[in-house]
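A.B. asks: Pasting a structure here, questions to come.
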Amino acid sequence: MTFACFAVLAGGVQQASAKTSPDDKVAYTVKVNSKVYGNSQATRQIASGQTDDYTWKTTPPGGAVSLPGQCASGHDWPLDENGALLRQTRVRLAPVVDASGTANVQLSFDALTPQASPKQDNASGACPPVTASSDVVRFSLALNSKPKTLTLKDGTQVTVSAKP
């Protein structure tokens with residue numbers, strides 16, 4: 001009978017150690033689906049209370065959009081190696097995992113893409129038009145459960161999943 005009690009206790013200890021503690025890193029997968037900013041996906045390991053930025057830079061549809069040197073507001077826009085504007089999507093996750101294994105997440109979304117204009121006159125120094133979006137969403141996500149899909153104010157869908 002002592003052996004049976006020990007086996008039950010050992011099984012309970014094993015189950016308890018398999019649970020995720022708030023100090024463990026969790027693999028968060030972020031998928032972005034946007035007509036304007038494109039589709040992207042990445043997975044990162046993040047500990048509770050830390051933040052991580054998922055950043056994607058791609059060539060906009062229709063090709064590169066040049067940035068004139070005189071464009072004052074373009075100094076912090078993403079550029080390729082030739083100085084042309086890139087489309088950029090950035091998602092910042094800030095999860096805090098509670099003892100029950102639920103992540104309370106703050107998701108920040110920032111994106112921009114240049115709009116190519118066939119009549120754009122870069123000699124004038126005018127900045128090309130840019131579409132930009134910014135949003136902050138807070139939500140709860142149980143670890144190892146179904147992914148959570150959020151629809152942002154511009155229609156972009158962001159899906160987040162978490163696996164311990």
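A.B. asks: Can you check what the net charge comes to around GLN45, using other residues whose Cβ is under 12 Å from the Cβ of GLN45 (Lys, Arg +1; Asp, Glu -1)?
C.D. replies: Result for the local shell: +1.
A.B. asks: Follow-up question, since we're still on this one. Quick check on my link table: of LYS31/LYS57; LYS57/LYS148; LYS31/LYS153, which ones sit more than 20 Å apart, alpha carbon to alpha carbon?
C.D. replies: Violating the 20 Å Cα-Cα cut-off are LYS57/LYS148.
A.B. asks: Under a Cβ-Cβ cut-off of 9 Å, what is the net charge of the residues other than THR159 that fall near it, where Lys and Arg count +1 and Asp and Glu count -1?
C.D. replies: On the way: positive: LYS31, LYS148; negative: none.
Taking every Cβ under 9 Å from that of THR159, the sum is +2.
Readers should treat all values here as calculations from the given coordinates under stated rules, not as data from a laboratory. The model shown is predicted, which means the values in this text are computed figures rather than measured ones. All Cβ positions, even for glycine, are placed from backbone atoms using ideal geometry, and neighbour counts span all protein chains on display.
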